[in-house]
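Laboratory data are not the source of any read-out in this text; all were calculated from the coordinates shown. On a predicted model such as this, the values are computed, not experimentally measured, just so you know. Positions of Cβ are generated from backbone atoms using ideal geometry, with glycine treated the same way; all protein chains shown enter the neighbour counts.
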Amino acid sequence: DSPSTRYKKVLLKVSGEVLMGDQGYGIDMNTVDTVAAAIARVIESGVQVCLVIGGGNIFRGLSTAAAGMERASADYMGMLATVMNALAMQNALEKIGVDTRVQSAIPMAAIAEPYIRRRAVRHLEKGRVVIFAAGTGNPYFTTDTAAALRAAEMGCDALLKGTSVDGVYSADPKKDTSATRYDTLTYQDVLSRDLRVMDASAIALMRESKIPIVVFSIREEDSLRKVLNGEGTFTIIG
Ligand code: UDP
């Protein structure tokens, strides 16, 4: 029963900003449930899905470092924030019958498996959703880079960036009504025009690994399924 979708193994990056919904901070459980339902729908069709969750809804290392904290410590706090989000996402998925495993880049034996690449690949083959927590495990990085790294390591066909906007625009569509959405972009376009889709190291890694990045809105429950079928609106970077 091979999936009819264009991508068979994907890494979905969900930023902390998405998980906070319309709140200014923290985890909005309705939004987490919506994302979980979207994932459940595509798991049913046989697509392998792994996740990297951000932490910006709870803690950002860079801004705290700017306020005077040592950068590395602040970044570790940021990575811990991603673990909280990962557990919320795991709970929402398990509640609707999707098998999951959380693997943390920082070993935390009581609450998550350690990150072991080959074990993660096996989980995916068994239809489990693997949630990668704690980013890359290193300060000075972001969860965008972690998403690119894990997508390459897992051999994903695409890195899906679920945001609150339905693609990459020429300007911020929330502020500029003349902003237009790009259907396609090259990695080089994103880098040279500084389009701020993901950070430059993530884009460079995807270029090197030849993995397309699809930017879409994850706010609607059906959007993930649509993107996997090549329907709906999104921007593809490749
Ligand atoms: N972080 C880190 N190394 C990583 C991933 C994340 O130090 O490999 C820290 C960093 O401080 C960052 C925070 O975790 O600000 C939250 O991650 P991020 O800002 O990428 O989350 P998002 O913007 O996706 O919500």
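Just a few scattered comments:
- Extension reserve of the K95-T184 stretch, reckoned as 0.36 nm per residue once the Cα distance is removed: 28.4 nm
- Sites K226 and S192, calculated FRET efficiency, Cβ-Cβ separation with R0 30 Å, nearest 0.05: 0.50
- Contour excess over end-to-end distance, with Cα ends at M77 and A171 and 0.36 nm allotted per residue: 30.7 nm
- Centroid-to-centroid, using Cα positions, the range 179-238 and the range 61-121 are 24 Å apart.
- Take every DSSP beta bridge whose two residues both sit in the range 9-237; close to 10 percent of them are antiparallel.
- Judged by the gyration tensor of its Cα atoms, with axes a ≥ b ≥ c, the range 152-238 is oblate; a/c meets the 1.5 cut and b/c is at least as large as a/b.
- Under 25 Å from the Cα of K174 - lysines, other chains or at least 8 residues apart: K13, K161, K226
- Over the chain, Cα pairs under 8 Å with separation of 6+ residues give a relative contact order of 23 percent.
- Membrane-span-like helices in the chain, defined here as complete DSSP H runs extending at least 27 Å along the helix axis by their C-alpha atoms with mean Kyte-Doolittle hydropathy no lower than -1.0, are 71-95; this is a sequence and geometry rule, not a statement about a membrane.
- Residues in the range 91-114 reached by a label modelled at M29 [backbone nitrogen below 20 Å; 7 Å Cα→Cβ]: 91-100
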